[in-house]
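Colleague: The following block contains the structure, expressed as structure tokens.
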Amino acid sequence: MVMDRKERYILGRRTTWISLLGNIFLSIFKLATGFLGSSAAMIADGVHSLSDVISTVVIMVSLKVSSKPADEEHPYGHGKAEAIGAKLVALMLMGAGIFLGWEGIGKIVAGEISVPGKIALWGVITSLVIKEALFRYVYKVGKKISSKALITDAWHHRSDAFSSLAALIGIGGALLGWTFMDPLAAVVVAIFILRVGWELISRAVDELMDSVPDLDLQDRLADRVREREGVLGVEDLRLRTNGPYFFVDLRLIVNKGLSAYDAHEISARVKQIILEEDDRIQDVLIHVDPAEIKEENSFYE
């Protein structure tokens, strides 16, 4: 069930503040232990957390904008601000991945490899636990308020947790004598970050391009409408997303002998059926056509 805008914004804002403070602490903590422990993998992980700080700020702004109600200039509301925010986060994630990978490869090629200290090992274990906890919390809230931006931020936490895991393996291996594993872990972290960033940016682009958010729901809506008395057919039913909400457009075919009033009554009942089918549906636009237009107009064929 989709909560009201004010409650949704308050919960989203509180979650992003927790996420932001957690990332600020972790970025400082990781960079400090990385430099003190001379670990390329830990420093790379710290840079990743620093990118999380920037991305969380972007999410906070997009949530605030998306909470605004519809106005004259934005009749469908401001929900797509979250998709824009998610896209910016994904771009930052990919930028961080390229940077970390380049640095790791450079160290391996140049042979600038040093054995990390044990402080880096304990630092990465602490980071791994905190990051996984942040992922679970932010993801749960993101699903609860149907926020793609928060869910994106949650996966950002999960990617950081996996990068910490890779750093853990690299630091552990280096401490056991395989020194190349520390910068190699930084490269592995970079590859993972790039992959996650690409997946996230693809999802954000899909929303901005108005791709169908739920094919099963779209088909179910068409079937429900066709079952309604007085409806002869349903054409061009389209479902698109706007933040956590859906908008539906369709053409309704009715008997050509109906009065304008009767056709309007059928349309109103169909709209109510659609709105009751899913709490995420915010509005329905219905164009009513008499049956003879359907028969003569090749657009429907």
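Colleague: Among the residues of segment 185-198, is there at least one that is under 23 Å from the mean Cα position of the chain (by Cα), part of a helix (DSSP H, G or I) and over 22 Å from GLY106 (Cβ atoms)?
Modeller: The answer is yes, given that some residue of segment 185-198 is under 23 Å from the mean Cα position of the chain (by Cα), part of a helix (DSSP H, G or I) and over 22 Å from GLY106 (Cβ atoms).
Colleague: Right, another one. Step by step: first the residues of segment 205-248, then only those that are assigned to a helix (DSSP H, G or I) and of a type in the set (A, V, I, L, M), then the one that is modelled with the lowest pLDDT. Which residue is that?
Modeller: Among those that are assigned to a helix (DSSP H, G or I) and of a type in the set (A, V, I, L, M), it is LEU208.
Colleague: May I pose another question? Picking from ASP182, ASP160, which residue would you name as being surrounded by 17 or more Cβ atoms within 10 Å (Cβ to Cβ), of a type in the set (Asp, Glu) and farther than 15 Å from VAL89 by Cα?
Modeller: So the residue among ASP182, ASP160 that is surrounded by 17 or more Cβ atoms within 10 Å (Cβ to Cβ), of a type in the set (Asp, Glu) and farther than 15 Å from VAL89 by Cα is ASP182.
Colleague: Let me ask something else about it. Within segment 164-178, identify whether any single residue is part of a helix (DSSP H, G or I), more than 30 Å from ALA291 (Cα to Cα) and polar (S, T, N, Q), and answer yes or no.
Modeller: The answer is yes, given that some residue of segment 164-178 is part of a helix (DSSP H, G or I), more than 30 Å from ALA291 (Cα to Cα) and polar (S, T, N, Q).
Colleague: Scanning segment 107-141 for residues that are touching a residue at least 40 places away in the same chain (Cβ under 8 Å) and under 13 Å from the mean Cα position of the chain (by Cα), which turns out farthest from ALA186 (Cα to Cα)?
Modeller: Of everything passing the filter in segment 107-141, VAL141 is farthest from ALA186 (Cα to Cα).
Colleague: Go through segment 69-83 and count every residue that is within 15 Å of ARG203 (Cβ to Cβ) and either surrounded by fewer than 16 Cβ atoms within 10 Å (Cβ to Cβ) or modelled with pLDDT of 75 or more (or both).
Modeller: Qualifying residue count, segment 69-83: 0.
Colleague: Which of (1) surrounded by fewer than 24 Cβ atoms within 10 Å (Cβ to Cβ); (2) more than 15 Å from SER164 (Cβ to Cβ) is the odd one out, the single condition ALA133 does not satisfy?
Modeller: (2)
Colleague: Here's a follow-up. Give me a count of the residues in segment 108-138 that are modelled with pLDDT under 90, hydroxyl-bearing (Ser, Thr, Tyr) and under 30 Å from THR152 (Cα atoms).
Modeller: Residues flagged as modelled with pLDDT under 90, hydroxyl-bearing (Ser, Thr, Tyr) and under 30 Å from THR152 (Cα atoms) within segment 108-138 amount to 2.
Colleague: Oh, and also: Tell me, please, whether a residue that is modelled with pLDDT under 85 and of a type outside the set (A, V, I, L, M, F, W, C) can be found in segment 281-288.
Modeller: Yes, that holds for at least one residue.
Colleague: Applying the selection to segment 4-53, what residues are surrounded by fewer than 24 Cβ atoms within 10 Å (Cβ to Cβ) and of a type in the set (Lys, Arg)?
Modeller: ARG5, LYS6, ARG8, ARG13, ARG14
Colleague: Considering only residues that are farther than 16 Å from GLY111 by Cα and surrounded by fewer than 23 Cβ atoms within 10 Å (Cβ to Cβ), which ones fall in segment 169-179?
Modeller: Within segment 169-179, ILE169, GLY172, GLY173, LEU175, LEU176 meet the criteria.
The values are calculated or read from the model by the stated rules, or taken from the named source; none is laboratory data. Since the model is a prediction, treat every value here as computed from it, not as a measurement. Backbone-built Cβ (ideal geometry, glycine too); neighbour counts: all protein chains shown.
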